[in-house]
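The values are calculated or read from the model by the stated rules, or taken from the named source; none is laboratory data. Just so it is clear, the model here is predicted, and its values are computed rather than measured. As a convention, Cβ positions derive from the backbone with ideal geometry for all residues, glycine included, and neighbour counts pool all protein chains shown.
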């Protein structure tokens with residue numbers, strides 16, 4: 001009996017290695033599918049999103065424009081970068097304080113809009129009730145945090161200019177300092193594939209290539225999530241769950257640190273938070289562990305802008 005238990009809980013070393021390689025390969029396909037979804041949405045809505053932001057509406061309208069623009073292009077980094085560029089160009093006014101105050105609602109809206117990617121990822125589990133419940137709960141954590149933050153901070157910004165005044169003060173301190181650039185290693189390995197597929201689809205004339213790119217991306221997303229969950233579950237027996245509990249998600253502070261670090265590394269909070277959705281779907285991570293990680297991702301995503 002003991003020998004049978006041991007053989008079940010400790011499979012051959014070669015099998016473990018092959019499954020680990022398969023996890024990374026399917027994880028790569030998952031990241032490529034996220035990149036393809038973002039590229040498709042950008043192709044369909046970036047021009048419209050830019051026009052929306054340039055409309056320079058009031059605070060409440062600006063908040064909803066930020067949500068809509070980011071939902072269309074699936075990138076809060078792109079939205080915030082556009083807004084930052086417009087502030088620098090004087091689109092919101094020559095006075096720094098006025099320009100920053102006008103830009104804040106757009107940034108807040110972008111933070112809400114970027115969480116749509118997580119919801120799309122969680123839909124890959126819709127055929128399995130238990131997995132979908134866990135995955136959807138994990139994905140909605142990002143939404144709730146961003147919405148609650150806006151509900152608290154937006155009225156304070158309108159009434160007292162809390163965020164815009166703090167940002168203007170910090171900007172004046174940093175005037176004259178040098179900027180730096182950093183290329184995401186994830187994008188370095190996924191962007192060439194996304195660009196190649198996009199160019200391939202451009203050559204056909206049956207359907208708009210952005211729609212075709214989106215359809216293929218969603219199919220690839222569902223495929224990768226299905227098999228990623230199965231492989232992760234099988235690797236749980238090889239102490240994968242213990243690894244996450246004892247290293248990355250051992251404490252809330254450590255989970256937040258990894259959320260910041262990974263987001264700075266990949267330059268996308270959508271990718272960072274989407275990565276934990278399969279782990280939640282497989283039952284490896286709990287919402288209590290994912291929440292501080294999501295907070296870290298929200299901090300890390302500000303680096304791009």
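I need every pair where a residue in region 243-255 that is loosely packed, with under 11 Cβ neighbours inside 10 Å has its Cβ under 6 Å from the Cβ of a residue that is assigned to a loop (DSSP other than H, G, I, E, B), sequence separation at least 6 or different chains. Note: no pairs meet the criteria. The criterion of at least 3 residues that are at pLDDT below 80 and under 16 Å from the mean Cα position of the chain (by Cα) is met by the following helices (runs of 4 or more DSSP H) wholly inside region 100-182: 116-122.
One residue alone among 275, 213, 219 is assigned to a helix (DSSP H, G or I), closer than 28 Å to residue 127 by Cβ and at pLDDT below 85, and that residue is 275. Can you pull out the residues in region 285-305 that are over 17 Å from residue 144 (Cα atoms), modelled with pLDDT of 80 or more and in a loop (DSSP other than H, G, I, E, B)? Scanning region 285-305 gives a single hit, 285. Here 261, 243 are screened, and the one residue that is at pLDDT 80 or above and either part of a helix (DSSP H, G or I) or over 21 Å from residue 300 (Cα atoms) (or both) is 261. When residue 208 is tested against the conditions (1) farther than 23 Å from residue 301 by Cβ; (2) at pLDDT 85 or above, the lone failure is (2).
Considering (1) closer than 19 Å to residue 268 by Cα; (2) crowded, with 16+ Cβ neighbours inside 10 Å; (3) at pLDDT 80 or above, the lone condition that residue 195 does not fulfil carries the number (2).
Select, from 3, 7, the only residue that is under 22 Å from residue 232 (Cβ atoms), at pLDDT below 75 and out of contact with any helix residue (DSSP H, G or I) (no Cβ under 7 Å at 6 or more places or on another chain). So the residue among 3, 7 that is under 22 Å from residue 232 (Cβ atoms), at pLDDT below 75 and out of contact with any helix residue (DSSP H, G or I) (no Cβ under 7 Å at 6 or more places or on another chain) is 7.
Could you pull out the residue among 93, 14 that is at pLDDT below 80 and part of a helix (DSSP H, G or I)?
14
Search region 135-153 for residues being closer than 17 Å to residue 105 by Cα and in contact with a helix residue (DSSP H, G or I) (Cβ under 9 Å, 6 or more places away or on another chain), and hand back the single one that is surrounded by the most Cβ atoms within 10 Å (Cβ to Cβ). Step through it out loud before you land on a result.
Here is the first cut: in region 135-153, the ones closer than 17 Å to residue 105 by Cα are 143, 145-153.
Now drop any that are not in contact with a helix residue (DSSP H, G or I) (Cβ under 9 Å, 6 or more places away or on another chain), which leaves 143, 145-147, 149-150, 153.
On the way: 143: 16, 145: 18, 146: 23, 147: 15, 149: 15, 150: 19, 153: 14.
Among those that are closer than 17 Å to residue 105 by Cα and in contact with a helix residue (DSSP H, G or I) (Cβ under 9 Å, 6 or more places away or on another chain), it is 146.
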